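Here the structure comes first, spelled out in structure tokens, and everything after it is commentary.
The values are calculated or read from the model by the stated rules, or taken from the named source; none is laboratory data. Treat the numbers as computed from the prediction; the structure is a model and nothing was measured. Positions of Cβ are backbone-derived with ideal geometry, glycine not excepted, and every protein chain shown enters the neighbour counts. Keep in mind that these areas ignore ligands, DNA and RNA; they rest on the heavy atoms of the full protein, side chains included. Shrake-Rupley method; radii C 1.70, N 1.55, O 1.52, S 1.80 Å.
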Amino acid sequence: MRGPDTALLAREPAPLLAAIDLGSNSFRLEIAQIQRGRYKRLDYLKETVRLGGGLDAQGMLTEDATQRGLACLARFAERLKGFSATQVRAVATQTLREARNRDAFLSRAQAVLGHPIEVISGREEARLIYAGVARLLPPSPGRRLVIDIGGRSTEMILGEGRTPLVAESFQVGSVGLSLRYFADGRLTPEAFRAAQVAAGAELEEALETFAPRHWRHAFGSSGTVGAVSQVLAACGVTDGTVTPKGLRWCIDQCLKAGRVEALDLPGLKDDRRPVIGGGLSLLYTLAIQFGLDALVPARGALRQGVIFDLDERLHAARAGAHVHDVRDESVRQLQERFHADRAQAERVREVALAVYDRLEAPAGEARRELEWAAQLHELGMSVSHHDHHRHSAYLLAHVDAAGFSQSQQRRLAALVLGQRGGLRKVEASLPDETFVLQLVSLRLAVLLCHARQAPELKALTLQREGRKLRLVPEPAWAQRHPRTLYLLQQEREAWERVGALVLEVPLPL
């Protein structure tokens, strides 16, 4: 069978792609096209939501902050009318990583937006930031340091060309520092000193990793760096390059003003005024601790990285291949790191996908999730053979895996947790029919490959009608595999106990 004509695919117009960044300070929507590797922005919307300022002392997102976020997402949804699911990716960062009631917020937010929202880890955020910055920078020799100061986190990435080598995220940002040290609006020497000490303590562990000898050029991405750069350029202090001297000048202007509302700096936008104290404190600490003599503002940021990542996934799907998906490489690395039995993983993967396809289940990301879950279902064997499925699920839910969001890792973890035994432990996911089809495919694959040999799938007939499955083995197969037939009857009983699926396995005459 002939594969897709790649030349024809190349001639098709580039699709519109949309990235939504639910940041701690602002929500952003960017719409762009990528044609022959060139990035073209078509629309950009930004609203100051201050979601990070809405976390209370118990780590709960307040209703006021929630409403601000939902109102913004409703406006984004209007702009995204006509966009398909494959054209949109929404990611959430530090505030929703921290919020204890994030699932409640995400449920409401996704209903308003009309698209899934992925909570990404700090390192995944850093990887995407670097992708956005590096792809929009001209080629240059030597290693690059990229810094992104967000509302509640700061990402630092060391890379070469388009390849990130080290990516870290630190839980300190402009909103968090401003709320803690400048909440009353006063801009005092004591507040700046305290904020700098707090920032320095958080960043101190990275002093060796990102020391000046490891990189040649430094770039700053996104809000805080961009805001300070605009002030320095508008006031004629620098050409927009952020320097220690320029930062000291900005801090002096804040101290002269004494209060946030009295601060009158050309180039400083109103939405940045309430968080300028924390932003300057953090940026100055970075400049001093990491020897940033010149931090150049970069065009790219998280949202551009999301669009480049989305484009690669879409291109791979249209071409019928997955070679461009960074998640495949993450799976391979996890198998290697945790010494997975790759031969068994491949057997289970092949059987799980064959079963899933026979069930005529949803393709796309759901099928890929099943594939990854099958490849990683025995990671926990490196911890203990006993209850290895629970160890595998824990690892998948908590490990850093490039390309995967925390939300997707939790779905993979639930699949892996449910690969064997009773189903009560994944009962919360069973109302989702796609999850049920993924899970029964994985469970049957694990069961059929339990002897660590490839099963005779041709001897099994599988039919599906809604949530009713009928698996009929040939009599000769049943005679050869009485243990597997016994396990299939136990599988039927497991599904019967939770009522999420009817699995019929008639005994041969």
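A few remarks follow.
- Counting only residues at least eight positions apart within a chain, or on another chain, the aspartates and glutamates with an alpha carbon under 14 Å from that of K245 are D293.
- Measuring between their Cα centroids, the range 222-278 and the range 431-461 lie 60 Å from each other.
- One quarter of the convex hull surface built on the alpha carbon atoms of the range 127-218 amounts to 6.5 nm², the projected area averaged over directions.
- Debye, to nearest 20: dipole size of the chain, +1 on Lys, Arg Cβ, -1 on Asp, Glu Cβ: 560
- Each DSSP beta bridge with both residues in the chain is either parallel or antiparallel, and the antiparallel ones are about 65%.
- Cβ charges +1 (Lys, Arg) and -1 (Asp, Glu), total dipole of the range 62-203, debye: 340
- Solvent-accessible ranking of R36, R180, largest area first, probe 1.4 Å: R36, R180
- Based on the Kirkwood approach, the hydrodynamic radius assigned to the range 1-124 is 15.8 Å, with every pair of different Cα atoms included.
- Accessible surface of I20 - all protein chains present, 1.4 Å probe, nearest 10 Å²: 0
- Put a dot 7 Å past the Cα of R75, heading toward its Cβ, do the same for R108, and the two dots end up 1.8 nm apart.
- Computed [θ] at 222 nm, helices only, for the chain once each DSSP H run of length n ≥ 4 contributes -39500 (n - 2.57): -15000 deg cm²/dmol
- Pairwise Cα distances in the range 157-287 exceed 25 Å in 25 percent of cases.
- Distant alpha-carbon pairs in the chain (separation over 37 angstrom), percent: 37
- Potential extension, A454-H339 segment - 0.36 nm per residue separation minus Cα distance: 39.3 nm
- Compared with the alpha-carbon gap, the fully stretched path from R41 to R467 is longer by 148.9 nm at 0.36 nm per residue.
- Taking GluC sites (Glu not before Pro) as exposed when DSSP calls them loop and at most 10 other C-beta atoms lie within 10 angstrom, the chain has its longest site-free stretch at 1-207.
- Order of exposure, largest accessible area first, which applies to R38, R97, R467 with probe 1.4 Å: R38, R467, R97
- Stretching the chain fully between N101 and D293 yields a gain of 65.0 nm (0.36 nm per residue, less the alpha carbon separation).
- Label-point gap, in nm, between K256 and E63 - each point 7 angstrom along Cα→Cβ: 4.6
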